[in-house]
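The values are calculated or read from the model by the stated rules, or taken from the named source; none is laboratory data. Please read these numbers as outputs of a predicted model, since none were measured by experiment. For neighbour counting, all protein chains shown are included, and Cβ atoms are generated from backbone atoms with ideal geometry for every residue, glycine included.
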Amino acid sequence: MKKLGVALLASVALAACRSTPPPIRLNGRTLVVENQTKHEWRNVTVTVNAYYRGSASSLAPGAELDAGLSSFVTGFGQRFDPNREMVHTVEVRAIDASGQPVSVDWSDRQQEKK
């Protein structure tokens, strides 16, 4: 019984020590945007490298938007090609349920500092 208590305490301590993943992250060739707020986001736009765009009508609290990098396109219809390009910046813009603007940014320079 004592071993079970120690194991349970250790698992609770590990869960408490886990850090929250960043709201914008790359997972191979997929871009993940997570709404880590308590409010729905509406009119979500995601811009990669200030040139390629994608959008979603809404993103619920705690939900993730998973998009393949090749689904991002320019205004001229050119698709992001992960074989030739790297992601340097990601900008997420939206409006929350109260009408306030949402702005979340990611940069590969932030990753270099870690």
Original post:
For residue 54, are the conditions met, namely being assigned to a loop (DSSP other than H, G, I, E, B) and either at pLDDT 95 or above or in contact with a His (Cβ under 8 Å, 6 or more places away or on another chain) (or both)?
Top reply: no
**OP:** Kindly provide the set of residues from the range 50-70 that are closer than 18 Å to residue 105 by Cα and more than 15 Å from the chain's Cα centre (by Cα), ordered by number.
**Re:** 50, 51, 52
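Restricting attention to the range 72-114, report how many residues are of a type in the set (Asp, Glu), under 11 Å from residue 48 (Cβ atoms) and out of contact with any strand residue (DSSP E or B) (no Cβ under 8 Å at 6 or more places or on another chain). Even if it seems obvious, please write down each step before you answer.
Initial filter on the range 72-114 (of a type in the set (Asp, Glu)): 81, 85, 91, 96, 105, 108, 112.
Filter once more, so that each one left must be under 11 Å from residue 48 (Cβ atoms): 85, 91.
Next cut, out of contact with any strand residue (DSSP E or B) (no Cβ under 8 Å at 6 or more places or on another chain) only: 85.
Residues that pass the stated criteria total 1.
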Original post:
From the list 6, 90, 73, 46, which one is surrounded by 14 or more Cβ atoms within 10 Å (Cβ to Cβ) and either over 12 Å from the mean Cα position of the chain (by Cα) or at pLDDT below 95 (or both)?
Top reply: 73
Original post:
Pairs under 8 Å by beta carbon, first residue over 20 Å from residue 97 (Cα atoms) and surrounded by fewer than 17 Cβ atoms within 10 Å (Cβ to Cβ) in the range 20-42, partner among the basic types (Lys, Arg) and at pLDDT 95 or above, six or more apart or different chains?
Top reply: 32/25
